[in-house]
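**Q** Handing you this structure, nothing more for now.
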Amino acid sequence: MLNVTNDLLNATKNYMNITWDDPDTDAKLTGIIARGMNYLNQTAGIDLDYTSESKARELLFEYCRYTNSSALDEFQNNYLHELLALQIQTEIMDNGS
């Protein structure tokens, strides 16, 4: 399982307006974040950096929001352009080095 830092967990909670501290909520959200990181890394073909403000971090937050709202099936359709752009960007970076 991917490492979900407390900073990333807290940033995700802030983005999703989760203002309470609850171990069960934190455990559920940590799992969602890890699955989102795995999904986006597989989509991009590389391990992305989620520690800085970036498109990868934005997509991760949205993945978590959709999943938490039981709407994951809509995420890919609604963010298809951004996911394709992420793939293209990483492919260009890979070919350029």
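**Q** Across the stretch 14-55, which residue is surrounded by the most Cβ atoms within 10 Å (Cβ to Cβ) among those that are under 22 Å from Asn78 (Cβ atoms) and of a type in the set (Ser, Thr, Tyr)?
**A** Per the stated criteria, the residue is Tyr50.
**Q** Got a sec? Which of Ile18, Ile32 is in contact with a Cys (Cβ under 6 Å, 6 or more places away or on another chain) and among the aliphatic types (A, V, I, L, M)?
**A** Ile32
**Q** Quick one: count up the residues across the stretch 77-88 that are at pLDDT 95 or above and in contact with a Leu (Cβ under 9 Å, 6 or more places away or on another chain).
**A** Within the stretch 77-88, residues that are at pLDDT 95 or above and in contact with a Leu (Cβ under 9 Å, 6 or more places away or on another chain) number 3.
**Q** Continuing with the same structure: Of all residues in the stretch 36-55, which are closer than 20 Å to Asn6 by Cβ, not in a helix (DSSP H, G or I) and not hydroxyl-bearing (Ser, Thr, Tyr)?
**A** Matches in the stretch 36-55: Asp47, Leu48, Asp49, Glu53.
**Q** While we're here: Residue under question is Ala27, and the condition is that it be of a type outside the set (Ser, Thr, Tyr), in a helix (DSSP H, G or I) and touching a residue at least 24 places away in the same chain (Cβ under 8 Å); does it hold?
**A** Details: of a type outside the set (Ser, Thr, Tyr): yes; in a helix (DSSP H, G or I): yes; touching a residue at least 24 places away in the same chain (Cβ under 8 Å): no.
It is false that Ala27 is of a type outside the set (Ser, Thr, Tyr), in a helix (DSSP H, G or I) and touching a residue at least 24 places away in the same chain (Cβ under 8 Å).
**Q** Could you pull out the residue among Glu82, Glu62, Glu91, Glu58 that is surrounded by 11 or more Cβ atoms within 10 Å (Cβ to Cβ), of a type in the set (D, E, K, R), within 15 Å of the chain's Cα centre (by Cα) and over 20 Å from Asn3 (Cα atoms)?
**A** Result: Glu82 is the single residue among Glu82, Glu62, Glu91, Glu58 that is surrounded by 11 or more Cβ atoms within 10 Å (Cβ to Cβ), of a type in the set (D, E, K, R), within 15 Å of the chain's Cα centre (by Cα) and over 20 Å from Asn3 (Cα atoms).
The values are calculated or read from the model by the stated rules, or taken from the named source; none is laboratory data. It should be emphasised that the depicted structure is a prediction, and the values quoted were computed from it without experimental measurement. Here the Cβ is made from the backbone with ideal geometry for all residues, glycine too, and neighbour counts use every protein chain on show.
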